[in-house]
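K.L.:
Starting off with a structure, shown below.
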Amino acid sequence: PQTAAVPPMPPGMQAAVPEGRTAPPPAPATMHDYVFQVGAFRDEASVDDLRQRLEGRGLRTRMERSGKLYLVLVLLRGTDERAAEIPRIMEELRLGKPLLRSRKPVLR
């Protein structure tokens, strides 16, 4: 089997990885577990309606009771880029700006 000849580098340029060495593996995206509060209601029917809408968009949700209020939380495991989509989705659903309740790194 013949190996293809590698053309010479243009003058003034260097190879990204020196010959004979391998490129380092790409850095993994940093993953976090996020919890966003996206709503607070006095009645469970409103909570159920909102959770169905959110889950229809592919989001994981949870309800939490706080005094007389029912809180709707969105749970997300992902990168900062993925978490940045949550405010956009909430705007599309006319829910206002979500409150970031927690952001914890995922341990590998």
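K.L.:
Calculate one ³J(HN,Hα) per residue across segment 67-75 by plugging θ = phi - 60° into the Karplus curve 6.51 cos²θ - 1.76 cosθ + 1.60, and present them in order as whole Hz with x for glycine and proline.
P.N.:
Each residue's phi maps through the Karplus curve to give x, 8, 9, 10, 9, 9, 10, 10, 9 Hz.
K.L.:
Per residue, what volume in Å³ does the Cα convex hull of segment 32-105 take up?
P.N.:
77
Where a number appears in this text, it was derived from the coordinates with a stated rule and is not lab data. Quick caveat: nothing in here was measured; it's all calculated off a predicted structure.
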